[in-house]
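See structure below.
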């Protein structure tokens, strides 16, 4: 997380809501060598206390989380973009990069195989809701053979969230007029999801 406390005061409820809406992140686990990482979809409950997820059976994290809970962090990234000093409209500024990130830390618990069908059905139902104009896909559209093969390839897990940290780096250290002036230019710059970043800069989430 960014060391500047101005960017780490977001209300926890806003950070949880952001992570729930994002539903995709990087699961990380420490090892004796380099950390293990897995890019995964997940479902986070409303209170931000538990996430349901699955991993490929061959995933290194799945291989080491077979019996005892495993300490992990799930990093959820949001929009990000470069901010030019010229956009502030005031002198003597430096370039920076604005971004949103939420870290969910806790214990990863392996679940029994019979938890998998219900979890996958809940995930697909949640994600299909975001697609307008079509009937939702459901698992009963797969043949029994495909379903059986699919189920053998993945394993279900539950992340028990014990700690939450977030960074909403949106130029909160600048006067409102200066921050909003830069926000109007962000969409002309370089980064990802710049329209959403601009909106967040104009109205940063409330402090916790």
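Read-outs: derived from the displayed coordinates by stated rules, not from any lab. All values derive from a computational prediction rather than experimental measurement. A quick note on method: Cβ atoms are made from the backbone with ideal geometry, for glycine too, and the neighbour counts reach across all protein chains shown.
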**Request:** Sticking to Cα atoms, compute the Rg of the stretch 106-167 to one decimal and its Dmax as the biggest Cα-Cα distance, whole number, in Å.
**Result:** 14.9, 45
**Fill in**
For the chain, longest principal axis from Cα atoms; helix 144-153 axis from its Cα atoms; angle between them, nearest 10 degrees, is 60 degrees
**Extension gain, residue 185 back to residue 113 (0.36 nm per residue minus Cα-Cα distance, nm)** = 20.9 nm
**Message:** Let me understand the stretch 1-124 better: what is its radius of gyration from the alpha carbons, and its Dmax, in angstrom?
**Reply:** 17.8, 62
**Message:** If packing is taken as the average number of other Cβ atoms within 10 Å across a peptide's residues, how do 93-104, 52-63 rank, most packed first?
**Reply:** 93-104, 52-63
**Simple label model, 7 Å out from Cα along Cβ direction - residue 135 to residue 58, nm** = 3.5 nm
**Asked** Rounded, prolate or oblate: which fits the stretch 95-208 when a ≥ b ≥ c are the square roots of the eigenvalues of the alpha-carbon gyration tensor, with rounded for a/c under 1.5 and prolate only if a/b beats b/c?
**Response** prolate
**Fill in**
The simple spin-label model distance between residue 147 and residue 32, using points 7 Å out along Cα→Cβ, in nm, is 4.3 nm
**Item:** Calculated FRET efficiency for the pair residue 202/residue 75, C-beta based, R₀ 22 Å, to 0.05
**Value:** 0.30
**residue 90-residue 46 pseudo-label distance in nm [points 7 Å out on the Cα-to-Cβ vector]** = 4.1 nm
**Message:** Helix 12-22 against the longest principal axis of the chain: what's the angle in degrees, Cα atoms only, rounded to the nearest 10?
**Reply:** 60 degrees
**Asked** If packing is taken as the mean number of other Cβ atoms within 10 Å per residue, what is the order of 42-48, 187-193, highest first?
**Response** 42-48, 187-193
**Item:** For the chain, calculated [θ]222 nm from helices alone, where every DSSP H run of n ≥ 4 adds -39500 (n - 2.57)
**Value:** -8500 deg cm²/dmol
**Request:** Decide, for the stretch 57-146, between rounded, prolate and oblate: order the square roots of the alpha carbon gyration tensor eigenvalues as a ≥ b ≥ c, take rounded if a/c falls under 1.5, and otherwise choose prolate if a/b is larger than b/c, else oblate.
**Result:** oblate
**Residue among 21, 115, 144 with the largest mean-square fluctuation in a Gaussian network model of the chain, springs linking Cα atoms under 10 Å** = 144
**Request:** Starting from the Cα-Cα distance between residue 165 and residue 66, subtract it from 0.36 nm times their residue separation and give me the gain in nm to one decimal.
**Result:** 33.0 nm
